[in-house]
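**Q** Dropping the structure in here first, questions after.
The values are calculated or read from the model by the stated rules, or taken from the named source; none is laboratory data. Being a predicted model, the structure only gives us computed values, none of them experimental. Glycine gets a Cβ as well: all are built from the backbone with ideal geometry, and neighbour counts include every protein chain shown.
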Amino acid sequence: MSKTIQALRGMNDILPADAGLWEFFEDTIRDWLRAYGYQQIRTPIVESTDLFIRSIGEVTDIVEKEMYSFEDKLNGERLTMRPEGTASCVRAVVEHNLLYNAPQRLWYMGPMFRHERPQKGRYRQFHQVGVESLGYDGPDMDAEHILMTARLWKMLGLQDVALEINTLGSAEARARYRERLIAYFEQHADQLDADAKRRLHSNPLRILDTKNPAMQALVEAAPQLMDDLDEASLQHFQQLQDMLTAAGIAFRINKRLVRGLDYYNATVFEWVTTRLGAQGTVCAGGRYDSLIEQIGGKPAPACGYAMGVERLLALLQDQAFQPPVLAPDAYIVHLGEHADRMAFQAAEQLRDAGLSVILHCGGGSFKSQMKKADASNARFALIIGDDEAAAGEVSLKPLRDAGEQMRLRLDAAADFLSE
């Protein structure tokens, strides 16, 4: 006999016992984004590989090591399962000319795919909520993104999350800084690890984000990007800080915060926690003013961010958070030929009244059905025997609160349950 087929490593099932937490989170997300006027956009899971090479950057870890890419057997086209959502969102905005009349506030939620070493909060299929604002060039939109995430943490009751911000300035400033950084690291080439040597001439800013303890002193002594920033970039960053301070948002300037995607410029930020070990970033983003043009659209400013759903849920679970239990209003217990026929009609009539109802299926004794009714967490057992069916009535038995069993006509029972 062949071995039982199991889920792929790093691609996990979400079982009914965990689904309540996911549903609570997703419902909270929709309410939160609706309050800020963002509209949902849904993009394909599979895109042209060139989209991610052009947007994320050919010499990033995502493109070099982590993407699930394959060749279409029918036409030879190179395709990739999306590793992040911003590129797909921008591609859709450009393709459908969504910026023709007005700037856009958009959001999306769904699975992303990266071939990484699975660990807590980091999986090969993972889920993101992404928020993108396209056509806005001021620091006020950067501030809105940070303020709205702070509000979400309050709505979720999250604790121990801290904000780090930085600025990458303009493309011209980064080009000047890049040359200084390369020269500095070349002078200390004997201290670079293999990863840093590989990135030295292709993406030297990523060396600043190294997690190698042996390189921390070298990185700390590296030239600072702030020294190369132009006046406009510094003013943008200062205005953002002033807005956050005025709103009461605490933050730390992290000069080593560069993000792992090539399309970022100006503002970048991360919300981090110490409660998830190495996977401490739960939400991150920034400004990407050149990406729309890179993908083929007319130049337009843009900024956005994404949050890892699994990491946020792990943080909630670490805080012993329990989502509200959505219990059904009634569990219909029925026994007898006439009762069985009436039970289906009763269930649909109660649902027409807006009630949540579980109809017992599979037969069984009255006692066994009542056990299942109790295990369902329903507020009431709605009991139909042949006597009730002949009279066009039902019996209501409270399962969660004290009270006497009562016998009512079905429409009266629906009114009672609704109240």
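**Q** For THR28, all conditions in the list (1) surrounded by 14 or more Cβ atoms within 10 Å (Cβ to Cβ); (2) at pLDDT 90 or above; (3) not in a helix (DSSP H, G or I) hold save one; what is the number of the exception?
**A** (3)
**Q** Follow-up question, since we're still on this one. Go through (1) surrounded by fewer than 18 Cβ atoms within 10 Å (Cβ to Cβ); (2) touching a helix residue (DSSP H, G or I) at 6+ places or on another chain (Cβ under 8 Å) for ALA183 and report which single condition fails.
**A** Going through (1) surrounded by fewer than 18 Cβ atoms within 10 Å (Cβ to Cβ); (2) touching a helix residue (DSSP H, G or I) at 6+ places or on another chain (Cβ under 8 Å) one by one, ALA183 breaks only (2).
**Q** Let me ask something additional. Surrounded by fewer than 20 Cβ atoms within 10 Å (Cβ to Cβ), in a helix (DSSP H, G or I) and modelled with pLDDT under 90: does that describe GLU172?
**A** So GLU172 passes the test.
**Q** How many residues are out of contact with any helix residue (DSSP H, G or I) (no Cβ under 6 Å at 6 or more places or on another chain), modelled with pLDDT of 85 or more and not in a helix (DSSP H, G or I) when one looks only at the range 50-73?
**A** 6
**Q** Quick check on my filter: what residues within the range 153-165 are surrounded by 20 or more Cβ atoms within 10 Å (Cβ to Cβ) and in a helix (DSSP H, G or I)?
**A** LEU156
**Q** Can I ask one more? Determine which member of the set LEU79, LEU8 is outside the structural domain of GLY296 (by TED's automatic domain parsing) and not in a helix (DSSP H, G or I).
**A** When all the criteria are applied, what remains is LEU8.
**Q** Please count how many residues of the range 365-413 are within 39 Å of the chain's Cα centre (by Cα) and farther than 26 Å from GLY20 by Cα.
**A** 0
**Q** Look at the range 11-25 and say how many of its residues are in a loop (DSSP other than H, G, I, E, B) and surrounded by 15 or more Cβ atoms within 10 Å (Cβ to Cβ).
**A** Count: 1.
**Q** Go through the range 350-370 and give me each residue that's within 20 Å of SER418 (Cα to Cα) and assigned to a helix (DSSP H, G or I).
**A** Passing the criteria: LEU350, ARG351, ASP352.
**Q** Right, here's the next one. Take the residues of the range 230-259 that are at pLDDT 90 or above and buried (at least 20 other Cβ atoms within 10 Å of the Cβ): which is farthest from CYS283 (Cα to Cα)?
**A** Applying the filter and picking the extreme gives HIS236.
**Q** Scanning for something over 21 Å from GLY20 (Cβ atoms), surrounded by fewer than 20 Cβ atoms within 10 Å (Cβ to Cβ) and modelled with pLDDT of 90 or more, does the range 323-332 turn up at least one residue?
**A** no
**Q** Which of the following residues is in contact (Cβ under 8 Å) with a residue 24 or more places away in the chain, surrounded by 12 or more Cβ atoms within 10 Å (Cβ to Cβ) and either in the same structural domain as GLY110 (by TED's automatic domain parsing) or in a helix (DSSP H, G or I) (or both): ALA381, ALA347, ALA373, ALA412?
**A** None of the other options fit; the residue is ALA373.
**Q** If you check GLN191, GLN187, GLN224, which single one turns out to be closer than 30 Å to GLU144 by Cβ and not β-branched (Val, Ile, Thr)?
**A** The match here is GLN224.
**Q** Which ones in the range 299-326 are touching a residue at least 40 places away in the same chain (Cβ under 8 Å), more than 28 Å from ALA162 (Cα to Cα) and not β-branched (Val, Ile, Thr)?
**A** Result: ALA300, LEU326.
**Q** Among the numbered criteria (1) more than 30 Å from ASP228 (Cβ to Cβ); (2) crowded, with 21+ Cβ neighbours inside 10 Å, which one does ARG122 miss?
**A** So ARG122 meets the others, but not (2).
**Q** Please specify each residue of the range 107-143 satisfying the condition of being of a type in the set (D, E, K, R), within 24 Å of THR49 (Cβ to Cβ) and in a loop (DSSP other than H, G, I, E, B).
**A** Within the range 107-143, ARG114, GLU116, ARG117, ARG124 meet the criteria.
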